[in-house]
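Working notes, beginning with the structure itself.
The values are calculated or read from the model by the stated rules, or taken from the named source; none is laboratory data. Everything numeric here is computed off the predicted structure, so don't read it as measured data. Using ideal geometry, Cβ is built from the backbone for each residue, glycine included, and neighbour counts are taken over all protein chains shown. Side chains are part of the model used for accessible areas, which takes the heavy atoms of the whole protein and leaves out ligands, DNA and RNA. Shrake-Rupley method; radii C 1.70, N 1.55, O 1.52, S 1.80 Å.
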Amino acid sequence: MAKKTSAASKGYRKTVKKKPFLTKKEIIELIVIVAVIVLAVVLFNVLYNPYIAAKDVQADDIIANAIAKSSDKFVRLGTVTDLDGYTRESTVSVDTPTGYNTYTPVDENDPMDHFTVSGSVSNAATTLSYMMSYYQPYADTVGEVIETEVEGHTAYICHYTLSEYREENDPDAVAEEAAPAEETEDSAVAGDAAETEPAEVSEPVEDAAETEGAEETAAEGEEAASEPEPNTFYQYINMYIDADDSHSIGVNAYRQGSDDSFYLADDEIEAYMLNLAQVITFPEK
């Protein structure tokens, strides 16, 4: 009886065909997904370019450099509108993209001299810190920083005052300067006598150092006594609003008067600046 041999003993092996990692259908679907993503990125960069060219800048724009020390890339942080009771003048143009808009009150008796709106290439907190370190040494008073919001954007308000004497704001000094000098007969005679009479010889000074010190003290006292009182007072109020992580919008108010009676109280400043900030329109997110 013949011995049966198995398939395995004859060298036959049962093989299992491995499935591919991805089927043709899955590969096609993956290609489609990748193509859609690539197309979306391209369209995003074409339709939403964060930069703006200088030639596209408008007078109503709030523009800042895209990055620090960059002179050819700009970003539009928002736009401005007119404000009742103020005239507006813009220096924003193709030649000066990072200019500013200046608002001047129509009422000449308004303590507000003007306020400006402009963009900055640093966020609000950084701009605030820099400006405060700059003007603090010169200020008479410095108020507490106020944190608030403008249309959901974090904002900081700082304010300070200073005063000085200005001759052009002194009616007496202006009148005295305008009056012509008249030479009287007595003054003419006195002048002639001064020219002809010999100068008197002074007595020798025993203690020169003591005399010199006394003269310096007297001169300092006379200078302090003759120094006029301040007649021009200023209140500067600055608001810095975050536009994005690395840019901010500044609203800077300059107020001036002949005394300090026009100064806004601390609890009035926030509402005052929020009213001015309404001229800003932020881009839609």
- GLU168 and THR232 label points (each 7 Å along its Cα→Cβ direction) are spaced in nm at 0.7 nm
- Query: Hey, what's the Kirkwood Rh for region 245-285 if you take every pair of different alpha carbons, in angstrom?
  - Reply: 12.8 Å
- Query: Put SER120, SER246, SER258 in order of accessible area, largest first, 1.4 Å probe: what do you get?
  - Reply: SER258, SER246, SER120
- Query: For region 277-285, in order, what is each residue's ³J(HN,Hα) by Karplus, 6.51 cos²θ - 1.76 cosθ + 1.60 with θ = phi - 60°, in whole Hz (x at glycine and Pro)?
  - Reply: 5, 5, 6, 8, 10, 7, x, 5, 7
- Message: Could you report the accessible area of THR79 in Å², rounded to 10, computed with a 1.4 Å probe on the protein chains as they sit in the structure?
- Response: 40 Å²
- From highest to lowest solvent-accessible area (probe 1.4 Å; ligands, DNA and RNA excluded), MET131, MET273 read MET131, MET273
- Task: Jot down the per residue volume, in cubic angstrom and as a whole number, of the convex hull over the alpha-carbon atoms of region 80-167.
- Result: 165 Å³
- Sorted list, accessible surface of protein heavy atoms, 1.4 Å probe, largest first, for LYS285, LYS73 is LYS285, LYS73
- Item | Mean separation of Cα contacts under 8 Å (6+ apart) over length of region 62-133, as relative contact order % | 29 percent
